[in-house]
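Below is one structure, written out as structure tokens, with a few remarks after it.
The values are calculated or read from the model by the stated rules, or taken from the named source; none is laboratory data. Every value quoted in this text rests on a predicted model; they were computed, and no experiment measured them. Here the Cβ positions follow ideal geometry from the backbone for every residue, glycine too, while neighbour counts run over all protein chains shown. Note: accessible area is taken over every heavy atom of the protein model, side chains too, but ligands, DNA and RNA are not part of it. Shrake-Rupley method; radii C 1.70, N 1.55, O 1.52, S 1.80 Å.
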Protein chains: 2
Amino acid sequence: MQRTALIVAGGSGTRMGVGIPKQFLPLSGKPVLVHTVKVFLGLPQMDAIALVLPEAHFDRWNQVAKAHLSPDEISKIHLSAGGTTRTESVEAGLETLSKLVENPAFAMVAIHDGVRPLVQPEVVEQSYELAAKVGAAVVCVPVKASLRKNTEFGSHGIDRSQYWEVQTPQTFRLGPILNCYRRRPEQVFTDDASLYEETGGKVAICPGSYENMKLTTPEDMLIAEQILKSR
Amino acid sequence: MQRTALIVAGGSGTRMGVGIPKQFLPLSGKPVLVHTVKVFLGLPQMDAIALVLPEAHFDRWNQVAKAHLSPDEISKIHLSAGGTTRTESVEAGLETLSKLVENPAFAMVAIHDGVRPLVQPEVVEQSYELAAKVGAAVVCVPVKASLRKNTEFGSHGIDRSQYWEVQTPQTFRLGPILNCYRRRPEQVFTDDASLYEETGGKVAICPGSYENMKLTTPEDMLIAEQILKSR
């Protein structure tokens, strides 16, 4: 079974308050996106990676790649131009991958946020294994906060023990998830697995780690540096 | 209607990795707990504040109070010794307050985490107003993350638009919430409102702000400094 990854890095990073898009900000001496890509390149099996970026960032990526990756590593990475929404960006990456594998029905894809560089390789590995068995696997962590649900009849506390906070990677068989995206649903889905299960697909929860944070604010960068130092 | 507040600061703060309990760490030149207490002291009406601390921290608090608060402010603050659990600590504070008000049935209490110094006065004010109408009000923010629920039949994505993340203050009529705590339920409740609604009480959601964060890690302190600077 071929194994692929789709790394989505479409953000312009304006919330960081600096000119550099957040996926290119330095983290322990390397751009965030290099950390992320290296996790996938370092797995025991990785046949192709689609990296979805705004076209305006292609040059920047090529420079970064030359500086931090080997020619062999670079050869596995295929750039796709991102769309205006995450849905369009993911679909673009899936289309790219579908042309690279022998048969999409027998390939796996892990869809991962470019700004989650701290994901642990063993968690990614587990998500591939679970998705191969179940059809789809989403890396999640238990919800930490107390939750309350608001309905037309009022609010009530929620037993949070059944609730999980969704991260990435979200891992699927490539063919079925590509079909979901090609159907271009009008409804907005906040993650890939919710779209997938609308078609009846089963989704397994792959327990991950709180360290796999999404880097959004300048403070997140500081926390990420601390986590890397502590490893 | 008398208005009281119960500030719970029972933590030993070991996760901060320093010798000082986190509620006493300096934030923009003042201990965290002083910021928190000052929000409540600054409201248009505040009749009494129960401050629940481990008894070992009473001396430290008295020094801090002398340095940062006026005698008039100090006179409104009543120390209670915290228990080994949050439930015990809240109950101790409620008992203290019940002896300070004319009639607990006609007094309000806002129960608030000592390590949430960034709560906005207008949010606290709204929680008192909502609780006076409905019986109880919990300050919450919309859940940001995608959620997934795990059941014996598998997992499924959740429409997060109905879900709120619980913060504090959680505001009640003093008499009813004290009765809830006196019944000492065996079940563990992760927040005061969940305990309250077990007795049939109605709970309103009071929309708050993401800035009202709970300071738990050293990085949280940095974020809090940034938020204070930006105000």
Pull up all non-local amide H partners of residue B:82: gap of 5 or more, or a different chain, and H-to-H distance under 5 Å with H placed in the peptide plane. B:53, B:55
List, largest first, the extents of the alpha carbons of the stretch B:82-231 along their principal axes, each in whole Å. 48, 45, 33
Excluding residues fewer than 8 positions from residue B:76 in its own chain, the aspartates and glutamates with Cα under 13 Å of it are B:47
With a Förster distance of 22 angstrom and the Cβ-Cβ distance between residue A:226 and residue A:120, calculated FRET efficiency to the nearest 0.05 equals 0.85
Modelled label-to-label distance, residue B:87 and residue A:84, 7 Å Cα→beta-carbon offset: nm? 5.4
Pick out which of B:130, B:43, B:100 has the largest mean-square fluctuation in a Gaussian network model of chain B, springs linking Cα atoms closer than 10 Å. B:43
Spin-label point model (7 Å from Cα, Cβ direction): what's the residue A:210 to residue A:103 distance in nm? 4.5
Got a sec? Charge dipole of the stretch A:186-231, +1 on Cβ for Lys and Arg, -1 for Asp and Glu; which of A:206, A:188, A:230 is way out at the positive end? A:230
Any idea how far apart residue A:198 and residue A:47 come out in nm if each label point goes 7 Å out from Cα toward Cβ? 2.8
Taking a label point 7 Å out from Cα toward Cβ, give me the nm distances from residue A:133 to the same spot in the other copies, shortest first, one decimal. 5.1
Take every Cα pair under 8 Å in the stretch A:74-231 that's 6+ residues apart, average their separations, divide by the length, and report that relative contact order as a whole percent. 29
Per-residue accessible area for residue B:72 at 1.4 Å probe radius, Å² rounded to 10? 110
With r defined as the distance between the Cβ atoms of residue A:63 and residue A:152 and R0 fixed at 56 Å, what FRET efficiency is calculated, to the nearest 0.05? 0.55
Position residue B:188, label points 7 Å along Cα→Cβ, spacing to each other copy in nm (shortest first, one decimal): 3.7
Would you list B:47, B:59 from the most to the least accessible area, probe 1.4 Å? B:59, B:47
For the stretch A:1-141 the mean separation of alpha carbon contacts under 8 Å (6+ apart) over residue count, i.e. relative contact order in percent, is 34
Measuring from centroid to centroid over Cα atoms, what is the spacing of the stretch A:177-231 and the stretch A:112-156 in Å? 7
Can you give the Kirkwood hydrodynamic radius of the stretch B:1-111 from its Cα pairs, in Å with one decimal? 14.3
In square angstrom to the nearest 100, the accessible surface buried at the A/B interface, both sides summed with a 1.4 Å probe, amounts to 2800
Counting only protein heavy atoms, probe 1.4 Å: which residues of the stretch A:144-158 lose 30 Å² or more of accessible surface in the full assembly compared with their chain by itself? A:145, A:146, A:147, A:148, A:149, A:150, A:155
Sorted by accessible area (1.4 Å probe), largest first, how do A:148, B:184, B:3 line up? B:184, B:3, A:148
What part of the accessible area of the protein assembly as shown, given as a whole %, is carbon or sulfur when the probe is 1.4 angstrom? 50
Can you tell which of B:207, B:71, B:31 shows the greatest fluctuation in a Gaussian network model of chain B with Cα springs below 10 Å? B:71
Residue-normalised value, i.e. accessible area per residue, for chain B at 1.4 Å probe, in Å², stands at 44
Given the stretch B:143-231, what whole percent of its Cα pairs are spread farther than 18 Å? 64
extent check for the stretch B:17-67: Cα max minus min per principal axis, descending, whole Å, gives 37, 26, 19
Expressed in square angstrom to the nearest 10, the accessible area of residue B:68 with a 1.4 Å probe stands at 60
Could you work out [θ]222 nm for chain A from helices alone, using -39500 (n - 2.57) per DSSP H run of at least four and dividing by all its residues? Round to the nearest 500 deg cm²/dmol. -11000 deg cm²/dmol
Can you pull the accessible area of residue B:90 for me, 1.4 Å probe, Å² to the nearest 10? 0
Amide H to amide H, which residues 5 or more places from residue B:2 or on other chains are under 5 Å from it, using H placed in the peptide plane? B:108
Here the Cα Rg-to-2.2 N^0.38 Å ratio for the protein assembly as shown is 1.11
For a quick check, take a GNM of chain A with Cα springs below 10 Å and name the residue from A:199, A:151, A:87 with the largest mean-square fluctuation. A:151
